[in-house]
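Okay, so here's the structure we're looking at.
Nothing in this text is a laboratory measurement; each read-out follows from the coordinates by a stated rule. Here the structure is a predicted model, which means the values were calculated and not measured. Methodologically, a virtual Cβ is constructed for each residue, glycine included, from the backbone with ideal geometry; neighbour enumeration extends over all protein chains shown.
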Amino acid sequence: MSKVAKATMGLFIVTMVSKIFGFARETILVSVHGAGMVTDAFITSMNIPTVIFSTIGSALATTFIPMYYTVEKDLGKEGTDKFVNNIFNMIVVVSLLLSVIGYIFSDELVKIFAMSYSGEKLKLASEFTRIMIWGMVFIGLSNIMTCLMNINSKFIVPSITGIPFNIIIIIGIYLSAKYDIRLMPIFTLIAMASQFLFQVPVSYHDGYRYKFYIDLKDKYIKKTLILVIPVFIGVGVNQLNTVVDRTLASTLGDGIITVLNDASILNTFVIGVFISSIQSVVYPLLSKLSSEGNSKAATGIIRKSVNVVIVLMIPIAVGIMVLSIPIVQLAFERGKFDHSATLLTAAALSYYALGLPASGLRNILGNVFYSFGDTKTPMRNGMIAMFMNICMNLVFIKFMGHCGLAFATSISATICILLLFMSLKKKIKYFGQDKIIITTIKSVISAAIMGVVVYFVYKFLTISGIHGTKHLIKVLFASVMSGVVVYGGAIHLMKVDEVEMLLDIFKSKSKQIVSKISNR
């Protein structure tokens, strides 16, 4: 468990840096090209290979880790090497086939992702797609390499890949504005390749050796495919929600896809920094404990992980809602991104923030079921949430415009979490539900108090009417720090156990975590 605490802390720092670069990429994109046709076309085209193969790649990656431990237990090192190469080569074949199809039918693909595109906008998005569609090969291979890294307790290396990835795209954005707009998708394709290539030397050092080996009759491949189908549908459902949102947003005019994307980027930035760090470390551990039949330790980790997410995400969601306008101003309002775009983005961001705790919990709980070898439950719950999201999208967009799409996303994420909790109760009976409810209540009360304080601190500091980036940074910093102090003090007074666990992680006092989990 000492490794868990240290890995989580190290991963948090690296992920934070990586996400900052990703955030800078989005800021530079809208600053250079504005919230208009070019940015909409680029975002849509970039989403196409990501959505298509990330669905397949994520599904394979999710089932890969538990199956790897099964193969290792049954066949040892030689068996796992064959299993990895088998999966590796299958991904290459499938992704190349999908890339060829996507290249041929690029216009049709764009229309699926943004049904209102036509004329010059459709032509530009289609041209971008034909370049970036080949990135599916590298997305899939990168997912498998990341799994190998996690299995070998190399959590930081996969997170570092986001840094060169974003730097390469940023270079492409600047060059595209100066020379040729097509340099933007070309550099994005190179960036996708870099995420895979960056991990190859480390995998080689850890003992992985590539061999061309494909055996469709292998029993472990068959088991993987049986498990992967429900995961594929479950992950695909989430991706389909994104596609539906973007498609409907494309009917609201130029720039709305960019506005929703920027709001979503700010929201997922938080999940990427905090939740991904926890998820990347906890999931391989849960998979191993499940394969060993150590249900007591697994249950303790589930409860602690859920409560940590609650303690972190609820105040962050409240803070984002209170400070949505200055956050967007600081992040994006420069160059061609004007104040009207800021207000549109901030409104969407507030509605996305409502579902932030649920989105964080969905990632954790989904992996809990996957670690138990149950891939059908997340799929069923995700399909229900997707159906409700689409229905709410169609209703809310009429009354709330683009904010309705964000609001529907948050509500569907919350519904999905409630369904997953009920399913988990049926599966393992007790996982500390009473303690989770108590922690949630305490966090909500503390966050509400924090929100009021942050609001008045921000209003007080902006009375002077002073403008400028430096002043905005000072105001935001003071507002956020006041919130941290108030929330931290409130949950400490309410004796929330997870405060101690968070401190243990940051101080790497992991033995305390083990004893607390073992004694409860």
Handout entry: aspartates and glutamates whose Cα lies under 20 Å from that of residue 470, excluding same-chain neighbours fewer than 8 positions away
Key = 333, 338
Completion exercise
residue 177 and residue 376 label points (each 7 Å along its Cα→Cβ direction) are spaced in nm at 5.3
Practice task
Could you tell me the distance between the Cα centroids of region 314-370 and region 398-435, to the nearest Å?
Solution key: 17
Handout entry: Distance in nm between pseudo-label sites at residue 462 and residue 214 (7 Å out along the Cβ direction from Cα)
Key = 5.8
Handout entry: Per-peptide average of other Cβ atoms within 10 Å, ordering 212-218, 46-52, 431-437 highest first
Key = 46-52, 431-437, 212-218
Problem - Computed lengthening from residue 429 to residue 101, 0.36 nm per intervening residue step minus Cα-Cα distance - result: 113.4 nm
Handout entry: Approximate spin-label separation residue 254-residue 167, in nm, with each point projected 7 Å along Cα-to-Cβ
Key = 3.5
Problem - Extension reserve of the residue 77-residue 485 stretch, reckoned as 0.36 nm per residue once the Cα distance is removed - result: 141.9 nm
Practice task
Among the listed pairs 304/426; 304/442; 217/425; 376/429, give every one whose C-alpha distance is greater than 25 Å.
Solution key: 217/425
Completion exercise
Expected sort for 209, 130 with the fewest Cβ neighbours (10 Å cutoff) up front is 209, 130
Practice task
Find how much the distance from residue 118 to residue 343 grows on full extension, using 0.36 nm per residue of separation minus their present alpha carbon separation; answer in nm with one decimal.
Solution key: 78.3 nm
Problem - Net dipole in debye of region 385-483 [+1 Lys, Arg Cβ; -1 Asp, Glu Cβ; about Cα centre; nearest 20] - result: 260
